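J.: Below are the structure tokens for one structure; questions will follow.
The values are calculated or read from the model by the stated rules, or taken from the named source; none is laboratory data. Only a predicted model underlies this, so the values are computations on that prediction, with no experimental measurement involved. Cβ placement follows ideal geometry from the backbone for every residue including glycine, while neighbour counts extend to all protein chains displayed. We work out accessible area using only protein heavy atoms, side chains counted, and drop any ligands, DNA or RNA first. Shrake-Rupley method; radii C 1.70, N 1.55, O 1.52, S 1.80 Å.
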Amino acid sequence: MVHLTINNIPLAVPKGTKIMQAAQKLGIDIPHLCYHEDQRIKARCRLCSVEVVGKRRLLAACSTEVWEGMEVHTDTQIVRDTQVAILQLMLANHHKDCLSCPRNQNCDLQRLCSRFNIQHSSLPSVCKEEPRIVTNPAIVRDPSKCIRCGRCIRACKDVQGIAALTYAGRSSDIVVTTAYNKPMETTDCILCGQCSLVCPTGALVEKDDTEKVLDALQDPKKHVIVQVAPSVRVSLGDAFGMEPGAIVTGQMVTALHLLGFDKVFDTNFGADLTIMEEGTEFLDRLQHGGVLPMMTSCCPGWVYYVEKHYSDCLPHLSSTKSPMSIFGAVAKTYYPKVAGIDVKDIVTVSVMPCTAKKFEAARPELGRDGRPDVDIVLTTRELIKLIKYVGLSFGQLPETEFDSPLGTASGAGAIFGTTGGVMEAALRTVCDKLTGKTLERLDFQEARGFKGIKECTLELGGRTLHIAIAHTLKNAEILMEQVRKGISPYDFIEVMACPGGCIGGGGQPIGTTNAVKKKRMQALYEIDRSLPVRKSHENPELQVLYRDFLGEPGEGKAHELLHTGYRA
Ligand code: HC0
Ligand code: SF4
């Protein structure tokens with residue numbers, strides 16, 4: 001242990017601890033902007049400057065390791081003057097329209113200015129008020145809000161291995177931009193939104209579609225239905241003061257009804273359908289010499305990545321649509337029939353933890369008769385805004401259940417929201433189908449956990465199946481290089497673009513860290529354990545849907561509605 005004092009308070013911490021974390025042990029929050037607990041430390045903003053006795057210069061608390069006998073002061077006049085000066089410099093180059101900023105009341109810069117009681121800008125503004133860049137359905141850039149902390153650059157490069165964002169220019173002219181300042185979607189970007197999740201200000205945000213939803217809800221001629229992704233029910237509570245990983249399914253359904261949705265349905269039901277189709281497709285490829293490894297296709301960031309970066313490998317992608325889009329197809333075909341409503345009057349909304357889902361919904365092939373199957377996609381963050389907008393006390397809402405007939409799902413559908421969940425759900429069905437028996441085994445521990453690439457081998461019905469699961473595109477790239485070279489040892493690969501899977505999606509609440517994601521992961525497994533049906537093919541509502549409408553999985557109407565193609 002290393003012994004030191006911070007603000008004259010003695011403490012001992014393990015060797016290698018940084019001043020920032022040592023101070024946290026004493027309950028002292030050293031201000032910071034470029035530092036993020038899940039990222040490489042760059043010490044760019046210097047807002048975490050502290051005084052250390054014996055040192056002539058201030059040191060950065062995020063990057064400086066403690067040493068024996070160190071005496072740190074986090075709250076001296078020079079430290080405060082430095083922090084205020086840094087904030088004033090940022091403000092001079094910042095478009096200060098806080099009241100109408102998408103990150104109002106949820107912005108690190110605003111919070112720090114409030115904490116340091118900055119009531120006026122002491123420096124003349126040099127901010128170039130550039131227009132917001134709205135060129136795609138998922139992500140909006142606002143360069144005049146950027147504080148050049150670099151967190152987005154690190155998320156894109158270090159987590160996704162993409163590096164669509166970069167610094168350009170020098171000195172005071174430095175900016176964060178794309179190559180040649182091109183629109184994001186025309187670069188290597190796959191609209192995953194990881195950059196928006198770590199941005200401390202309003203420089204990178206999801207495209208806001210809340211008004212479209214409010215308009216639809218106000219239209220008396222429209223029947224507005226909503227589906228909610230598996231991971232939203234374990235992340236929404238964060239914004240309402242609940243513990244990370246709190247399971248708020250019942251309150252969430254009530255909130256959506258109170259917002260005015262006519263029916264509240266479950267994307268998990270779509271996930272069960274995906275398993276039926278994807279499982280059937282995998283067995284068919286396995287038994288009839290189809291292209292292997294087959295790769296899951298439910299994550300839109302991942303699909304876009306394969307299209308942009310590995311288009312030669314597209315035949316490996318399952319043709320099964322994602323649960324969201326499968327749900328949308330059913331909602332615009334089967335549902336109007338059973339509900340007796342003209343499809344032209346139905347508006348389908350989905351709540352997703354993901355910005356790329358907005359892009360997926362806008363794909364022209366995912367619709368019929370010129371209408372999209374999913375009309376509007378909201379991120380978890382936008383749903384939080386809507387709940388606050390109508391003034392609901394979320395934590396005090398009673399719990400209600402999803403509506404029928406598209407609201408009953410299995411535990412397999414629930415775990416889609418975490419890395420490894422899609423594979424575990426698929427295996428529960430594939431194993432039964434391949435062996436012709438109802439296997440007792442439900443839990444596939446090999447598929448669980450936060451490891452970047454997970455592998456397992458299963459002996460099934462006289463066959464050996466080799467499985468791999470990756471999350472983040474940096475990890476996926478390792479598997480894809482093998483696939484491209486034709487040396488992949490696997491039969492079936494699951495990829496989710498975001499770290500942790502959808503629980504860490506780019507549309508999740510600000511403050512989603514790896515520690516938070518691990519709690520959400522456990523919550524999803526808890527939901528799975530609590531459900532009476534845990535295999536997709538045993539979902540009774542799904543069985544009715546196939547019997548009465550879709551026919552056999554992978555054939556005829558099921559194939560026509562629930563499968564898609566990709567573009568190079
Ligand atoms: Fe996901 Fe999905 S699990 S991608 O992460 O597969 O966004 O939560 O809704 O579609 O089900 C996201 C989450 C979904 C889909 C599902 C899949
Ligand atoms: Fe990079 Fe994803 Fe942001 Fe695009 S959306 S710039 S891929 S982090």
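J.: Taking the Cβ-Cβ separation of K128 and R40 as r and a Förster radius of 41 Å, what is the calculated FRET efficiency to the nearest 0.05?
T.: Details: r = 29 Å, r/R0 = 0.71.
After rounding, the FRET efficiency stands at 0.90.
J.: Which one of L26, H3, G16 has its Cα pushed farthest toward the positive end of the charge dipole of the range 2-75, where Lys and Arg give +1 and Asp and Glu give -1 at the Cβ?
T.: My answer, from the dipole projection, is G16.
J.: What does the net charge come to around L89 if you take all other residues with beta carbon closer than 12 Å to its beta carbon, with K and R at +1 and D and E at -1?
T.: Numbers: positive: R46, R148; negative: none.
Charge balance near L89 sits at +2.
J.: How big, in percent, is the set of alpha carbon pairs in the range 339-490 lying more than 29 Å apart?
T.: Working: 4650 of 11476 pairs.
The answer is 41 percent, as a whole percent.
J.: If I take all pairs of Cα atoms in the range 121-205, what percentage of them are more than 15 Å from each other? Before the final figure, lay out each step's value.
T.: Details: 2009 of 3570 pairs.
Within the range 121-205, distances greater than 15 Å cover 56 percent of Cα pairs.
J.: Quick check: residue separation of T186 and A339 times 0.36 nm, minus the Cα distance between them. What number comes out in nm? Walk me through the intermediate numbers first.
T.: Details: separation 153, 0.36 × 153 = 55.08 nm, distance 4.12 nm.
So the extension gain works out to 51.0 nm.
J.: Further, regarding this structure: Determine the distance separating the Cα centre of the range 228-273 from the Cα centre of the range 169-223; give it in Å without decimals.
T.: One Cα centre to the other: 23 Å.
J.: On to the next question. Taking the alpha-carbon centroid of each part, what is the distance from the range 19-59 to the range 430-446 in angstrom?
T.: 50
J.: Turning to a different aspect of this structure: Between the range 100-163 and the range 490-533, what's the alpha-carbon centroid distance in Å?
T.: 27
J.: Straight-line reach only, C-alpha to C-alpha below 20 angstrom: list the lysines that K25 could link to, leaving out same-chain residues fewer than 8 apart.
T.: K15
J.: Now for a different question. Suppose R0 equals 25 Å; then what is the FRET efficiency for D369 and E552 from their Cβ-Cβ distance, rounded to the nearest 0.05?
T.: Details: r = 25 Å, r/R0 = 1.00.
E(calc), rounded to 0.05, equals 0.50.
J.: Which entries in the list K42/K518; K212/K357; K451/K474; K207/K474; K454/K518 go over 19 Å, if you measure between the two C-alpha atoms of each?
T.: On the way: K42/K518 25 Å; K212/K357 16 Å; K451/K474 13 Å; K207/K474 25 Å; K454/K518 16 Å.
Distance filter (> 19 Å) returns K42/K518; K207/K474.
J.: Over the range 217-345, what per residue volume does the convex hull of the Cα atoms give, in whole Å³?
T.: Working: hull volume 20.6 nm³, N = 129.
So the per-residue hull volume is 159 Å³.
J.: Here's another thing I want to ask about it. Starting from the Cα coordinates of the range 493-568, work out the convex hull volume and express it per residue in Å³.
T.: Working: hull volume 12.4 nm³, N = 76.
Convex hull of Cα atoms, per residue: 163 Å³.
J.: Restricting to the range 397-497, compute how many DSSP beta bridges are antiparallel as a %, nearest 5. The partial results should precede the final answer.
T.: Numbers: 8 of 13 bridges.
Of the beta bridges lying entirely in the range 397-497, close to 60 percent run antiparallel.
J.: For the chain, what is the mean residue ellipticity at 222 nm derived from helices alone (per DSSP H run of n ≥ 4: -39500 (n - 2.57); sum divided by total residues; nearest 500 deg cm²/dmol)? Let's see the in-between values first.
T.: On the way: 19 runs with 184 residues, N = 568.
After summing the helix terms and dividing by residue count, I get -9500 deg cm²/dmol.
J.: Shifting gears a bit: What is the spin-label model distance, in nm, from R115 to S171 if the labels are put 7 Å beyond Cα along the C-beta direction?
T.: 3.1
J.: Moving on. Just the number, please: carbon plus sulfur as a percent of the accessible area of the range 2-75, 1.4 Å probe, no ligands or DNA/RNA counted. Please report the intermediate quantities before stating the final value.
T.: Working: 1770 of 3790 Å².
Summing carbon and sulfur atoms, their accessible area is 47 percent of the total for the range 2-75.
J.: Mean separation of Cα pairs under 8 Å and 6+ residues apart, divided by the residue count of the chain: what relative contact order is that in percent? Each step should come with its number before you reach the end.
T.: On the way: 1118 pairs, mean separation 87.9, N = 568.
Normalised by residue count, the contact order of the chain is 15 percent.
J.: What's log10 of I(q)/I(0) for the chain at q = 0.07, 0.11 Å⁻¹, Debye sum over Cα points only, no solvent?
T.: Taking Cα atoms of the chain as identical point scatterers yields -0.43, -1.01.
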